[in-house]
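Throughout, read-outs are computed from the coordinates displayed, never taken from laboratory work. Predicted, not measured: the structure shown is a model, and the values here were computed from it. Please note: Cβ atoms are built from the backbone with ideal geometry, for glycine as well, and neighbour counts cover all protein chains shown.
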């Protein structure tokens, strides 16, 4: 499949090791890496040997992937012809208990991304990693990078310490809205709480699949707390959330809202309407049957052509061969997903293609 001109809304540069970040830390934190014995610290979103971590042809002899801009250029950008790819660097900043350390490493990750990836490949854009543990420090990082138009959104994980709708997070949303930066809520956890509603799982497959619960909870939180009434220009992008669970969740959420809306009077229209206006989802992993007719039925249930954003989820193994978009998507919708919807979602991409 040719994706010439497409905007890939979810790719993952991997920090090879903590030593790669040390030059981007200030002297105090460089010393702390040594004093605290952090030289071999690693934090990866997927177990290195898990098959879904990376397609086999994208792994080196140690099973690592996406650790150089040259490989991403060859394996992703040149192969499919995307005009822009948005980099979501997942490095476990949200797991750090020390707020000041979290801020220091968020800054280092962002500066590493800018110097080692964005500066070397003009088709790449970045997401601002923020220390959500402290909204004041998170806003400082947004303000520091807001002038760099290569950064196009703010990145948080779907599971942290608090639901994302709570006013604790509102300073982050205020700063993001002011600078035209969507909030990307990406699959992942700070592991402050179990990843299932019933306690801690045993296996990685449980963890990975159960995170769908978190996306549902965060949609309910953001809408119920009136985030989109408070920040009407804010867009939220759900990345690696899956798609097919959304219609049934929205039907149940909207039914509940109709019976309980007295307690949330600021929610002035149905959750379905609010979501279709303010929330978007990346395409991969597309969790639907292979039958094109069933895929078409899922798309019909979504009720809007504006919701989905093209993504490869590179280097994760989410599709086979060159099937970037699953069978069952009409050609007219493919154009919207690959180009029009991303341009409408990310103000900073306007005119970039």
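Compare 334, 294, 318 in a GNM of the chain, Cα atoms joined below 10 Å, and give the one with the largest fluctuation.
294
What is the distance in Å between the Cα centroid of the stretch 5-64 and that of the stretch 161-178?
Measuring centre to centre over Cα atoms gives 27 Å.
If you take the beta carbon distance between residue 38 and residue 99 as r and set R0 to 22 Å, what does 1/(1 + (r/R0)^6) give as a FRET efficiency, to the nearest 0.05?
Computed FRET efficiency for residue 38 and residue 99: 0.85.
Once Rh is set to the Kirkwood radius over Cα pairs, what Stokes-Einstein translational diffusion coefficient, in µm²/s, holds for the stretch 1-159 at a temperature of 25 °C and a viscosity of 0.890 mPa s?
The estimated diffusion coefficient comes to 149 µm²/s.
Working out 0.36 nm times the residue gap between residue 269 and residue 305, then minus their Cα-Cα distance, what length gain in nm do you get to one decimal?
Stretched out fully, the residue 269 to residue 305 stretch lengthens by 11.0 nm.
Modelling each spin label as a point 7 Å along the Cα-to-Cβ direction, I'd like the residue 204/residue 61 distance in nm, to one decimal.
In this crude spin-label approximation the distance works out to 2.2 nm.
Relative contact order for the chain: what is it in percent, counting Cα pairs under 8 Å that are at least 6 residues apart?
Worked out over the chain, it gives 20 percent.
Once fully extended, how much extra length lies between residue 19 and residue 291, figured as 0.36 nm per residue of separation less the alpha-carbon to alpha-carbon distance?
Working: separation 272, 0.36 × 272 = 97.92 nm, distance 4.64 nm.
Fully extending the segment from residue 19 to residue 291 adds 93.3 nm.
Once the Cβ-Cβ distance between residue 260 and residue 344 is put in as r, and R0 is 22 Å, what FRET efficiency do you end up with, to the nearest 0.05?
0.10
Please work out the FRET efficiency for the pair residue 78 and residue 252, using the Cβ-Cβ distance as r and a Förster radius of 45 Å; give the result to the nearest 0.05.
0.55
Within the stretch 1-42, whose backbone N sits under 20 Å from a point 7 Å along Cα→Cβ of residue 320?
1-2
Semi-axes of the stretch 273-353's equivalent ellipsoid from the Cα gyration tensor, sqrt of 5 times each eigenvalue, largest first, rounded to whole Å?
Listed largest to smallest, the semi-axes of the stretch 273-353 are 21, 17, 11 Å.
Restricting the count to DSSP beta bridges whose residues both fall in the chain, what percent are antiparallel, rounded to a multiple of 5?
Around 5 percent of the beta bridges assigned by DSSP in the chain are antiparallel ones.
Which value, in Å³ per residue, describes the convex hull spanned by the Cα atoms of the stretch 96-152?
Working: hull volume 3.7 nm³, N = 57.
In the stretch 96-152, the Cα convex hull volume per residue is 65 Å³.
Calculate the spin-label point distance for residue 327 paired with residue 121, positioning each point 7 Å from the Cα along the beta-carbon direction, and give it in nanometres.
According to this spin-label approximation, the distance is 3.0 nm.
Could you work out which residue, out of 214, 290, 82, moves most in a Gaussian network model of the chain, that is, has the largest mean-square fluctuation with Cα springs under 10 Å?
290
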